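For reference, the structure is listed below as structure tokens.
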Amino acid sequence: MWVSRLELRDFRSYESCELDLSAGPVVLVGPNGRGKTNLVEGIIYSSALDSHRVHGDAPLVRTGADHAVIRTTVATGERSTTVEIQLNPGRANRIQVNGQAVGRTRDVVGIVRSCVFAPEHLRLVKGEPADRRRFLDSVMVQVAPRYLGVRSDFERALKQRNAALRSLVAAPTREAEAVLAAWDERYAPIAAELAWGRYNAVQQLSDVVVDAYRRISPQDDEVTISYESAVPAWHSREELASALSEALRERHRDEIRRGGTLIGPHRDDIGINLNGPPARTHASHGEAWSLALALQLASFDVLNRIGDDPPVLILDDVFAELDEVRRERLLDAVTGAEQILVTAAVAADVPAQLHARSLQVTRVDGVTHIE
């Protein structure tokens, strides 16, 4: 799979942009702030209907515009498919495939498949649990697109249950318990469904991460990853839903007092351990980079298994952050991609093997030029 054409309208810094691409390595070179990452972000959004940089669609729409449009054409074998997404902050987005409206959002996920390496991904190791949950979701929905709807249903159920909790602050205990029991019946199954999907995504990644880390890091470290849930001792989706319901009942009073749901996948995490201790607190900068790259490389391998063609590989300003050893090891590890899109501030940061096609990104009088 490779992206043959990208068109943007009122997306990020671009009022309008049309870019023809080729298979193989393509390097976008230009100083910071010229819009290189905005280009690849459009492709990434087309893959998982989410950005790797921000939450929500509003920041993606150019200042002063009402909406943005991303049109991505991918080639798979002899077939060409165009995905068009109109981003409408505060309203439902409009999605078309080859000019035809898509009835269900999840039906577009998987047409464009991509895996991105970016400086932001250092947060996968050193950042907050939300960063790791987001990474996990990006893998999960590309492997099983139905989880896009599951996640949306969960976010709606969580919002409604939290609103109910805030309304019960002054309610009598018996009345509050009855109301929450009714909300638990709605919330627990969908929460368990999302947690089960994330757990399975971790299971698919776990062995691959170990191998990927060995390919990236010059050190012989022991790496483990696991799904960390506040609900212990479950081995099936049904057991998880039951255990989650029980955990919710035990925390009702705390939840009413604090006005929010304290149990569920919105509070779960991925445990990443290096030689035993948590990598978040014990990994050096170089080790953290190796772990972040290993996680992304593992996601590339997992996505590679589910289709006939490998996903598009995006290396967004990564090589400048790596020492020579890790650069070479990363390059060796990603040679299986049909298309590699690389962004860099200066060409010298990019290994010579990737300079098959180099495009210069400049900005004159507020307009970006790509030559």
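The values are calculated or read from the model by the stated rules, or taken from the named source; none is laboratory data. Every value quoted in this text rests on a predicted model; they were computed, and no experiment measured them. Cβ placement follows ideal geometry from the backbone for every residue including glycine, while neighbour counts extend to all protein chains displayed.
Picking from residues in region 272-283 that are surrounded by fewer than 15 Cβ atoms within 10 Å (Cβ to Cβ) and not in a helix (DSSP H, G or I), the one that is nearest to the chain's Cα centre (by Cα) is Pro278.
On the stretch given as region 42-57, residues that are part of a loop (DSSP other than H, G, I, E, B) and within 12 Å of the chain's Cα centre (by Cα) total 7. Any residue in region 239-250 that is in a helix (DSSP H, G or I), touching a residue at least 40 places away in the same chain (Cβ under 8 Å), surrounded by fewer than 20 Cβ atoms within 10 Å (Cβ to Cβ) and touching a Ser or Thr at 6+ places or on another chain (Cβ under 9 Å)? No: region 239-250 contains no residue that is in a helix (DSSP H, G or I), touching a residue at least 40 places away in the same chain (Cβ under 8 Å), surrounded by fewer than 20 Cβ atoms within 10 Å (Cβ to Cβ) and touching a Ser or Thr at 6+ places or on another chain (Cβ under 9 Å). Residue count for region 212-238, restricted to those that are part of a loop (DSSP other than H, G, I, E, B) and either in contact with a strand residue (DSSP E or B) (Cβ under 8 Å, 6 or more places away or on another chain) or within 21 Å of Ala176 (Cα to Cα) (or both): 2. In a residue-by-residue description of region 253-269, the property of being in contact with a strand residue (DSSP E or B) (Cβ under 8 Å, 6 or more places away or on another chain), surrounded by 16 or more Cβ atoms within 10 Å (Cβ to Cβ) and either touching a residue at least 12 places away in the same chain (Cβ under 8 Å) or within 30 Å of Lys159 (Cβ to Cβ) (or both) applies to at least one position. Can you confirm whether Val83 is in the same structural domain as Arg62 (by TED's automatic domain parsing), without any contact (Cβ under 8 Å) to a residue 12 or more places away in the chain and touching a helix residue (DSSP H, G or I) at 6+ places or on another chain (Cβ under 6 Å)? So Val83 does not fit the description; no.
Take the conditions touching a residue at least 60 places away in the same chain (Cβ under 8 Å) and either assigned by TED's automatic domain parsing to the domain that holds Lys159 or in a loop (DSSP other than H, G, I, E, B) (or both) and apply them to Ile314. Does it pass? In short, no. Please specify each residue of region 25-72 satisfying the condition of being charged (D, E, K, R), free of Cβ contacts under 8 Å to residues at least 40 places away in the same chain and touching a strand residue (DSSP E or B) at 6+ places or on another chain (Cβ under 7 Å). Correct list: Asp57 only. Taking the listed residues Ala48, Ala68, Ala75, Ala23, the one that is small (Gly, Ala, Ser), buried (at least 22 other Cβ atoms within 10 Å of the Cβ) and touching a Phe, Trp or Tyr at 6+ places or on another chain (Cβ under 7 Å) is Ala68, with no other qualifying.
Name the residue, out of Leu39, Leu19, that is within 18 Å of Val342 (Cβ to Cβ), assigned by TED's automatic domain parsing to the domain that holds Thr105 and in a strand (DSSP E or B).
Checking each option against the conditions leaves just Leu19.
Being modelled with pLDDT under 90, more than 30 Å from Ala298 (Cα to Cα) and either in a helix (DSSP H, G or I) or under 28 Å from the mean Cα position of the chain (by Cα) (or both) is a description that applies to Ala176.
Counting residues in region 102-112 that are over 13 Å from the mean Cα position of the chain (by Cα), in the same structural domain as Thr76 (by TED's automatic domain parsing) and surrounded by fewer than 13 Cβ atoms within 10 Å (Cβ to Cβ) gives one or more.
Of the residues Gly260, Gly286, the single one that is over 16 Å from the mean Cα position of the chain (by Cα), assigned to a helix (DSSP H, G or I) and in the same structural domain as Val143 (by TED's automatic domain parsing) is Gly286.
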